[in-house]
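The numbers here are math on the coordinates, done by the rules we state, and not lab data. Source: prediction; values computed, not measured. All Cβ positions, even for glycine, are placed from backbone atoms using ideal geometry, and neighbour counts span all protein chains on display.
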Amino acid sequence: MTASSDVTIDAALARCLVDSQFPEWAALEIAPVALSGVDNRTFRLGDALSVRLPAGDWYALQVEKEQRWLPVLAPSLPLPIPDPVAAGSAGCGYPFRWSVYRWLAGESASEDAIGDLVAFARDLAGFLVALRGADARGGPAPGRHNFFRGGPLSTYGEETLRAIEAQRAVIDARASLACWEDALAATWTREPVWFHGDVAVGNLLVRDGRLAAVIDFGSSGVGDPACDVVIAWTFFSDAARDAFRAALGVDDATWSRGRGWALWKALITLDADPRARLIVERVLADHASRT
């Protein structure tokens, strides 16, 4: 993977950056992690730290935000989140700011790793409720830094309509359009609240079968929290989805906008993601059951 400057993001680059900017850690081993990510590449730094390098200029916008706000949010939350230790600057041919965090142990969420999916859904909802309750004053509004998560769904209106038309051979285009229009009509009119912005299995760490930490706040911000509902269709089903919604305590309008976010992302990834069609089907079935 390369950054926009065509610098290869690998362990050698991480080594160069750490040694040149934080010589006190020069003796610590650097190693790639199994699931390094696409937007950012992550490397272990010794046993207790990690290095996180943005893969492009859009993702680099998130570094300052995470450095500023994660320590502020952490005391309000019931589970660990990334803890910034240091902020690096451009160097070694790499053009972006980057971060050093404390290492959070755990494996990415999966049905095999989770002992009780309903309990997991409730725990996740409890975390998101606490996040919504954190003081949002001065927090980052939706924008380029988080791909406009927390903003109006209409940002992706034209893209969604094009995707519905392009995929009508494999999806129910009429039902998709009805679901999308319902989501657009359910506008957010309340004060902005904190949201994570990318509640996906790769950002949820599990230990001993339970939710243990939530990572990657690059898409976070303050605004409409409906984007955090998407996991209801991308990962949960049946009893777990019902438990998630009940514990989350969101109204019908927020749930509808959440369906819209899930539908948009599934439609635009339908050709690349084998699970996207299932997600579309789940979203449309949920919409049909509530209309």
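With R₀ fixed at 45 Å, the C-beta to C-beta distance from R174 to D47 puts the FRET efficiency at about 0.25.
I'd like the trypsin sites (Lys or Arg not before Pro) in segment 29-70 restricted to DSSP loop residues with at most 16 other Cβ atoms within 10 Å, sorted by number. Don't jump to the answer; show the numbers that get you there.
Working: sites: R41, R44, R52, K65, R68; in loops: none.
Answer in residue order: no site qualifies.
Computed from backbone phi with θ = phi - 60° and the Karplus coefficients 6.51, -1.76 and 1.60, the 3J(HN,Hα) list for segment 150-159 is x, x, x, 4, 4, 3, 10, x, 5, 4 Hz; x is used for glycine and proline.
Let me have the 222 nm mean residue ellipticity of the chain computed from DSSP H runs of 4+ only, each contributing -39500 (n - 2.57), with the sum over all residues rounded to the nearest 500.
On the way: 9 runs with 114 residues, N = 291.
So the calculated ellipticity at 222 nm is -12500 deg cm²/dmol.
Across A200, A183, A34, mean-square fluctuation computed from a Gaussian network of the chain (C-alpha pairs under 10 Å connected) peaks at A34.
Think of it this way: in the chain, C179, C227 stand alone, with no other Cys Cβ under 4.7 Å.
How would you order 20-29, 253-262 from highest to lowest mean count of nearby Cβ atoms within 10 Å?
Values: 20-29: 12.8, 253-262: 23.5.
Ranked from most to least packed, the peptides come out as 253-262, 20-29.
Remark: the E107-A86 segment gains 5.2 nm on full extension, using 0.36 nm per residue and subtracting the alpha carbon distance.
Could you tell me which of rounded, prolate or oblate describes segment 136-180, using a ≥ b ≥ c as the square roots of the eigenvalues of the alpha-carbon gyration tensor, with rounded for a/c under 1.5 and, failing that, prolate when a/b is larger than b/c and oblate otherwise?
Details: a/c = 4.40, a/b = 2.90, b/c = 1.52.
Prolate shape, in that a/c is at least 1.5 and a/b is the bigger ratio.
Within segment 44-138, report the GluC sites (Glu not before Pro) that DSSP leaves as loop and that have at most 12 other Cβ atoms within 10 Å. Of the GluC sites (Glu not before Pro), the ones in loops of segment 44-138 whose Cβ has at most 12 other Cβ atoms within 10 Å are E111. Is segment 237-282 rounded, prolate or oblate when judged by the Cα gyration tensor, a ≥ b ≥ c being the square roots of its eigenvalues, rounded requiring a/c under 1.5 and prolate requiring a/b larger than b/c? Note, shape of segment 237-282 comes out oblate.
Quick check for me: using +1 on Lys/Arg Cβ and -1 on Asp/Glu Cβ, what's the dipole size of segment 126-259 about its Cα centre, in debye to the nearest 20?
Working: 14 positive and 17 negative charges, 39 e Å.
Charge dipole, segment 126-259, about its Cα centre: 180 debye, nearest 20.
Residue by residue, segment 269-277 carries 3J(HN,Hα) couplings of 10, 4, 7, 10, 10, x, 8, 5, 5 Hz when phi is fed to the Karplus relation 6.51 cos²θ - 1.76 cosθ + 1.60 (θ = phi - 60°); x denotes Gly or Pro.
Quick one: grab the alpha carbon gyration tensor of segment 1-154, order the square roots of its eigenvalues as a ≥ b ≥ c, and give me rounded if a/c is under 1.5, else prolate or oblate depending on whether a/b is larger than b/c. Each step should come with its number before you reach the end.
On the way: a/c = 1.78, a/b = 1.38, b/c = 1.29.
It is prolate, given that a/c is not under 1.5 and a/b is the larger ratio.
At a threshold of 8 angstrom on Cα-Cα distance, excluding pairs fewer than six apart, so keeping six or more, what relative contact order does the chain reach in percent?
18 percent
Comparing G106, G93, G56 in a Gaussian network model of the chain (Cα springs below 10 Å), the most mobile by mean-square fluctuation is G93.
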